[in-house]
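Scroll down for the structure; my scribbles are underneath it.
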Amino acid sequence: MPTNPIMITRARTQAHTPAWQQAWSRALRDPHQLLLRLDLDPSLAAGAASAHGLFRLRVPESYLARIRPGDPDDPLLLQVLPQAAEALERPGFGPDPVDDAAAMAAPGLLHKYPGRALLIATGACAIHCRYCFRREFPYGEFGGLRDWGPALAYIREHRDISEVILSGGDPLALPDHRLTELLLLLERIPHLRRLRIHTRLPVVLPERIDAGLLSWLGRGRLQHILVLHANHPREFDPPADTALARLRASGVTLLNQSVLLAGVNDDLGTLCELQERGFAAGILPYYLHLLDRVRGAAHFEVPEARARELHAGLGSRLPGYLVPRLVREVPGASGKVPLPP
């Protein structure tokens, strides 16, 4: 009997697929299955299915394991569960709350602030956070996600740019060979000093921090800064701690930024624990963001007065180096705008 070529192809592909990509492929994408797995009220199904049609569900198994079964108010669940509230139209909430379209200097390249430019390296994410300000971003319209040439040409021509920020999506969703290719191209631009990477993967998919990625991060002349995005102390678990320790050992500077989210972290005890827990894992607090007012996320908004109160509480309880800056993004501003006390 002849050998089945399809079976051989699948076996080889599995054998050569990195563990993180295998974990990525196993992410849960069905709202009905999410409710079943977490023993949640079936009455949530209709709203979850409706919101899923607007913005698809995606939750890695490693993150799913940290959500408390049977608790519809679990703060990790609320970040990923599609809800009926996402379909409600609210004044002031739109598809591009930070005016990314107006800042597009080249395909996939945003130039909003002096001295740095942001490269949207990919539209892929390991987890789909329901408050994501790019949930309606038209990634498919930008060839820069496939061809970085025009973006790199723009950076070369603007010698005032000393820092490139990799964003997305999540830039660590790219395979190592694509990241290496991009790094080598950026290394050739003499006026660049730093490469900043904004990512959620070390927390939501710790398998991504493997030897291949660490080799990429450890090479070259550019200083590497990794800005993690963790919103709740329970997002740190032993696998995430191990991943972060490996990043620290590679010499990467680690910072954390969070979004202030109603029902998730809008209480002082949670915010204090988040800063302490992150610092224990070797991460310095960076920003505490007010919600970017993207359509579908209005139910996460925390009033500004409450945000100021919480930030003042952090300052009274924690040493200064553990207090993130409370900021909002204002289209047209020259940087993130701090909220005064």
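Computed values, structure above
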| item | result |
| --- | --- |
| Odd one out for Gly169 among (1) under 17 Å from the mean Cα position of the chain (by Cα); (2) assigned to a helix (DSSP H, G or I); (3) over 17 Å from Thr253 (Cα atoms) | (2) |
| Test result for Ala84, surrounded by fewer than 20 Cβ atoms within 10 Å (Cβ to Cβ), farther than 23 Å from His191 by Cα and either acidic (Asp, Glu) or over 19 Å from the mean Cα position of the chain (by Cα) (or both) | yes |
| Meets criteria (part of a helix (DSSP H, G or I), touching a helix residue (DSSP H, G or I) at 6+ places or on another chain (Cβ under 7 Å) and surrounded by fewer than 22 Cβ atoms within 10 Å (Cβ to Cβ)) for Leu192 | no |
| Among residues of the stretch 215-271, those that are of a type in the set (Ser, Thr, Tyr) and assigned to a loop (DSSP other than H, G, I, E, B), counted | 1 |
| All positions within the stretch 100-126 that are at pLDDT 95 or above and at positive phi | Gly115 |
| Evaluation of His289 against (1) touching a helix residue (DSSP H, G or I) at 6+ places or on another chain (Cβ under 9 Å); (2) under 20 Å from His198 (Cα atoms); (3) surrounded by 18 or more Cβ atoms within 10 Å (Cβ to Cβ) (one fails), failing number | (1) |
| Filter result for the condition that a residue is within 17 Å of the chain's Cα centre (by Cα), farther than 27 Å from Leu183 by Cβ and not assigned by TED's automatic domain parsing to the domain that holds Val80, over Leu226, Leu284, Leu274, Leu247 | Leu274 |
| Pairs with Cβ under 8 Å, 6+ apart, first in the stretch 79-93 and at pLDDT 95 or above, second of a type in the set (Phe, Trp, Tyr) | Gln79/Tyr131; Val80/Tyr63; Pro82/Phe55; Glu86/Phe55 |
| Helices (runs of 4 or more DSSP H) fully within the stretch 20-112 counting 2 or more residues that are over 29 Å from Pro150 (Cβ atoms) and among the hydrophobic types (A, V, I, L, M, F, W, C) | 31-37, 45-54, 75-78 |
| Arg306 being surrounded by fewer than 20 Cβ atoms within 10 Å (Cβ to Cβ) and either aliphatic (A, V, I, L, M) or under 25 Å from Leu81 (Cα atoms) (or both) | yes |
| Residue selected from the stretch 208-238 under the condition more than 16 Å from Cys125 (Cβ to Cβ) and basic (Lys, Arg), by the criterion modelled with the lowest pLDDT | Arg219 |
| Residue match in the stretch 327-339 (condition: more than 27 Å from Leu81 (Cα to Cα) and either touching a Gly at 6+ places or on another chain (Cβ under 7 Å) or not in a loop (DSSP other than H, G, I, E, B) (or both)) | yes |
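The values are calculated or read from the model by the stated rules, or taken from the named source; none is laboratory data. Predicted model, so just to flag it, every value in this text is computed and none were measured. Neighbour counts run over all protein chains shown; Cβ positions are idealised from the backbone, glycine included.
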